[in-house]
Amino acid sequence: MPTSADVVVVGAGLFGASVAYQLTRGGAGRVLLLDQAMPASGDSGRTVGMVRHHYSNDVTAQLAIRGGQAIRDWSDVVGVADAGFVRSGFMLAVPEERLEACIGNVRRLQRLGLNTRFVTPDEISDIEPLISLEGVAGGAYEPDGGFANSYLMILGWITAAASMGMEARFGVSVDSLVVRHGKVAGVRTSCGVIEAGTVVIASGAWARPMLAEVGWEPPIRLRRLEVSVWKVPAGQLIPQVVCSDGVSGLVVRPDRANEFLAVAYSPERPADVLGDYDYTISNKHDQVLRERFRLRFPSLTNARPLRGWAGPYDFTPDWHPIVGAIPGIDGLYASVGTSGHGFKLAPSIGECLAAQILGQESPVDISQLAADRFIDGTSTLELAYGPSARA
């Protein structure tokens with residue numbers, strides 16, 4: 001185990017792998033990536049993997065556009081394997097009360113250069129014939145949206161970074177940070193202290209206690225997300241477009257052959273601490289999804305569940321990530337509180353955070369995502385669809 005590094009990155013999920021790759025690529029010196037388990041073993045490995053760009057703010061939209069492009073052009077951008085991207089298109093369906101917000105977001109995204117358009121209910125039916133339009137007033141459609149594979153992305157970043165000199169140690173827990181005279185000096189791990197002048201916390205739901213211990217408690221809470229894979233009878237069609245239903249909270253995503261993924265977003269009581277998290281599907285999960293299928297995709301009510309999983313994702317009061325320097329401690333940075341947006345933002349956030357650490361110009365201005373917005377109340381981020389992962 002190394003006893004020192006120039007930069008230690010804590011967490012080998014989407015954000016840790018992304019920023020470690022970009023730091024190594026950018027010449028940050030000796031970069032060490034640590035994780036208490038294996039790569040993608042946390043919430044990054046449990047993502048639905050949507051590639052969509054529909055956001056209410058320019059900063060997240062720009063990050064999603066840049067991140068989505070990296071996912072689509074993975075072999076050229078990273079050069080190791082691919083991201084498993086499938087161009088299926090992405091569609092958001094909204095009720096009447098969210099129609100103006102949807103139209104406004106589409107116009108914003110078009111000004112940013114995204115290939116997207118507002119669609120009427122009739123156009124939605126043409127794009128996805130299996131959908132029922134009860135309660136749907138319109139929507140947004142992105143033909144270049146789709147889905148990809150987080151495992152391939154994480155392993156691709158780690159492999160590419162390792163080929164450039166990055167070191168990685170898995171099965172090593174980071175117990176606490178070492179801070180001296182207001183500056184980070186390293187990390188205490190299950191294998192001893194590792195000295196480092198720069199530390200990046202990218203451990204998702206596990207980050208809060210570590211940051212609180214050194215004097216900054218991030219305003220992060222945890223929300224449970226359940227994902228399951230379903231199979232329709234042979235010869236029956238599955239949805240061909242990634243569909244996010246802003247009416248019922250249902251999300252469906254095509255997968256292989258006659259299988260698809262499904263999520264039912266529901267109001268629930270968030271948690272403050274991770275504790276002994278239950279990663280299994282709840283007893284009522286299948287019933288809830290069948291009720292959503294009946295409303296939005298009636299032909300899927302005869303599908304049968306194959307497998308499923310649960311996981312915690314960390315969210316902030318304004319449902320946007322915290323990215324950048326941690327107040328009061330020089331050399332300490334974080335990418336946490338991703339609020340359900342992490343998958344498609346990870347490539348560009350890793351790029352922008354690495355640029356900030358290296359003192360370079362960031363490709364996207366991420367100042368709105370700085371941690372101090374929760375200290376001085378300067379958050380100006382909009383929530384066109386209310387407080388949720390749709391943001």
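For the stretch 178-295, which whole percent of the accessible surface, found with a 1.4 angstrom probe, sits on carbon and sulfur atoms?
51
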### Message
Can you work out the Karplus-derived ³J(HN,Hα) for every residue in the stretch 306-317? Use 6.51 cos²θ - 1.76 cosθ + 1.60 with θ = phi - 60°, whole Hz, and x for glycine or proline.
### Response
9, 6, x, 8, 10, x, x, 10, 8, 9, 9, x
## Note on the structure
Over the chain, the sum of -39500 (n - 2.57) across DSSP H runs of at least four, divided by residue number and rounded to 500 deg cm²/dmol, gives at 222 nm -8000 deg cm²/dmol
### Query
Which angle between 0 and 90 degrees, to the nearest 10, do you get for helix 58-72 versus the longest principal axis of the chain when only C-alpha atoms count?
90
### Heavy atoms of Met38 accessible to a 1.4 Å probe, total area in Å² rounded to 10
110
## Note on the structure
Counting only residues 5 or more apart in sequence or on a different chain, those whose built amide H sits under 5 Å from that of Asp318 are none
### Selected from Ile127, Pro143, Leu114, residue furthest toward positive end of dipole (the stretch 96-146; charges at beta carbon)
Leu114
### Query
Placing +1 at every Lys and Arg Cβ and -1 at every Asp and Glu Cβ, with all other atoms neutral, what dipole size does the stretch 307-391 have around its Cα centre, in debye to the nearest 20?
460
### Summary
Computed for the chain: size of charge dipole around the Cα centre, +1 on C-beta of each Lys and Arg, -1 on C-beta of each Asp and Glu, debye to nearest 20, value 560
### Task
Give the residue from Val323, Trp216, Cys243 lying farthest towards the positive end of the charge dipole for the stretch 212-325; charges sit on Cβ (+1 for Lys and Arg, -1 for Asp and Glu) and the dipole is referred to the Cα centre.
Cys243
### Query
At what distance in nm do the modelled label points of Glu167 and Lys183 sit from each other, each positioned 7 Å from its Cα along Cα→Cβ?
2.2
### Only Lys, Arg (+1) and Asp, Glu (-1) charged, at Cβ; the stretch 153-224 dipole about Cα centre in debye
280
### Karplus-derived HN-Hα couplings along the stretch 33-43 (A = 6.51, B = -1.76, C = 1.60, θ = phi - 60°), whole Hz, x at Gly and Pro
9, 10, 8, 5, 10, 10, x, 6, 7, x, 5
### Query
Under the Karplus relation 6.51 cos²θ - 1.76 cosθ + 1.60, θ = phi - 60°, what is the ordered set of whole-Hz ³J(HN,Hα) values for the stretch 166-177, x standing for Gly and Pro?
5, 10, 9, 10, 10, x, 10, 8, 9, 7, 6, 9
### Query
Out of Ser266, Ser41, Ala185, whose Cα points farthest toward the positive end of the dipole of the chain (charges: +1 Lys, Arg; -1 Asp, Glu; placed on Cβ)?
Ser41
### Query
What does the highest-first list of 198-207, 124-133, 350-359 look like by mean Cβ count within 10 Å?
198-207, 350-359, 124-133
### Query
What residues have an amide H closer than 5 Å to that of Leu177, excluding those fewer than 5 places away on the same chain, when H is modeled at 1.01 Å from N in the peptide plane?
Arg188
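The values are calculated or read from the model by the stated rules, or taken from the named source; none is laboratory data. Since this is a predicted model, take the numbers as computed values, not measurements. Positions of Cβ are generated from backbone atoms using ideal geometry, with glycine treated the same way; all protein chains shown enter the neighbour counts. Protein only, heavy atoms only, side chains kept; ligands, DNA and RNA dropped before computing areas. Shrake-Rupley method; radii C 1.70, N 1.55, O 1.52, S 1.80 Å.
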